[in-house]
Amino acid sequence: MKVGFIGLGNMGAPMAANLVKAGHDVTGYDVHAPMPEGVVGAISAAGAVKGAEVVITMLPNGAILRDVAAELIPAMEKGAVLCDCSTVDVASARAVAEQAAAAGLMALDAPVSGGVGGAAAGTLTFMAGGPEAAFETVKPLFDVMGRKAVHCGGAGAGQAAKICNNMILGVTMIATCEAFALADKLGLDRQKMFDVVSTSSGQSWSMNTYCPAPGVGPQSPADNDYKPGFAAELMLKDLRLSQEAAEGADADTPMGALAALLYERFVEDEGGRGLDFSAMLPRLEKRGRG
Ligand code: NAD
């Protein structure tokens, strides 16, 4: 397939490289990042999408997506699909989808789960919102870049799924970390804590797959001095998006709100920026109740 790829950073570069390896014809554009091997560089975003059947964007946030989409949409071929894989606010995803439809294009919001490791290994999960026909067009590319693609519904449904998932993740990571910190103070060995909880009703992805305690459970960023992995500031971004969406939809999300507040303090005031989001454990273990 002929693919345009805009935003070749930590995630976009390995995703585009996997498309090239699978034999797709990829033209890319990024304001800073170099082109991965096999991706033909264009001098502008509009230049990268000429003749493309699918255009993928992997950008930092909704404001940048809106700007880039405004440039891309007039340059895209009628009937082509604009597939945004960034994590952005639901309102931006829906606004871009409306502009694309008005120009005779199809749009998908298709954020990912699986991080930089999943992008490199081609094992991402895609959660997509938009027309069924657009999903079917992009599905062969999702199958190259990932292991699973779920069509979640209409425009914005992919972003909705992403922020709901990551709200659960933020909350369960904090709960797992505070339970380890409490267990320490009660004199419970961390390995015993893992052995019990990972096979009991307190189990979760945060405990079983991404254990925040060093030397316990499978290999995780905790075993690498909390080098990300999934950085605390990216978790904060997603928790803020979930709170923004909850306010817009009048949904009561008290645990999500508290998780957003804790990650905000951690990232902005307590040295958490640049650390993995599981570094909430060393933050909590140092503290008392005061
Ligand atoms: P990144 O900052 O490494 O990459 C973003 C790229 O976009 C950069 O190379 C930047 O130069 C480029 N860019 C910015 N403005 C541009 C413009 N106007 N035109 C063209 N290129 C532009 O970020 P990332 O880690 O690759 O994340 C990308 C998206 O994926 C984000 O929305 C993030 O929330 C989401 N995401 C990241 C992870 C992760 O673990 N890194 C996991 C899941 C989802």
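Data overview
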quantity: Filter result for Gly79 (touching a strand residue (DSSP E or B) at 6+ places or on another chain (Cβ under 7 Å), outside any helix (DSSP H, G or I) and in contact (Cβ under 8 Å) with a residue 12 or more places away in the chain); calculated: no
quantity: Condition met for Val216 (buried (at least 19 other Cβ atoms within 10 Å of the Cβ) and not in a loop (DSSP other than H, G, I, E, B)); calculated: no
quantity: Leu275 open to solvent by 50 Å² or more (accessible area, probe 1.4 Å) and touching a Phe, Trp or Tyr at 6+ places or on another chain (Cβ under 6 Å); calculated: yes
quantity: Residues that are assigned to a helix (DSSP H, G or I) and either within 14 Å of the ligand (Cβ to nearest atom) or in contact with a Leu (Cβ under 6 Å, 6 or more places away or on another chain) (or both), drawn from the range 108-137; calculated: Gly115, Val116, Gly117, Gly118, Ala119, Ala120, Ala121, Ala134
quantity: Leu72 more than 15 Å from the chain's Cα centre (by Cα), aliphatic (A, V, I, L, M) and open to solvent by less than 10 Å² (accessible area, probe 1.4 Å); calculated: yes
quantity: Candidate set: the range 162-213, residues that are within 16 Å of the ligand (Cβ to nearest atom) and touching a Phe, Trp or Tyr at 6+ places or on another chain (Cβ under 8 Å); chosen: the one farthest from Cys152 (Cα to Cα); calculated: Met173
quantity: Index of the failed condition, Val90 passing every other in (1) more than 23 Å from Pro131 (Cα to Cα); (2) touching a helix residue (DSSP H, G or I) at 6+ places or on another chain (Cβ under 6 Å); (3) β-branched (Val, Ile, Thr); calculated: (1)
quantity: Hey, Glu77 more than 15 Å from the ligand (Cβ to nearest atom), surrounded by fewer than 21 Cβ atoms within 10 Å (Cβ to Cβ) and either of a type outside the set (A, V, I, L, M, F, W, C) or at pLDDT 95 or above (or both) or not; calculated: yes
quantity: Any chance Ala222 is surrounded by 18 or more Cβ atoms within 10 Å (Cβ to Cβ), under 13 Å from Thr176 (Cβ atoms) and not polar (S, T, N, Q); calculated: yes
quantity: Selection from the range 1-54 of residues that are of a type outside the set (D, E, K, R), away from the ligand (no atom under 16 Å from the Cβ) and part of a helix (DSSP H, G or I); calculated: Val20
quantity: Members of the range 148-206 found to be crowded, with 21+ Cβ neighbours inside 10 Å and among the polar types (S, T, N, Q), listed by number; calculated: Gln159, Asn166, Thr176, Ser206
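The values are calculated or read from the model by the stated rules, or taken from the named source; none is laboratory data. Because the structure is predicted, anything quoted here is derived from the model rather than measured. Here the Cβ is made from the backbone with ideal geometry for all residues, glycine too, and neighbour counts use every protein chain on show. Ligands, DNA and RNA are stripped out before the accessible areas are found, and what is left, the full protein with its side chains, is counted by its heavy atoms. Shrake-Rupley method; radii C 1.70, N 1.55, O 1.52, S 1.80 Å.
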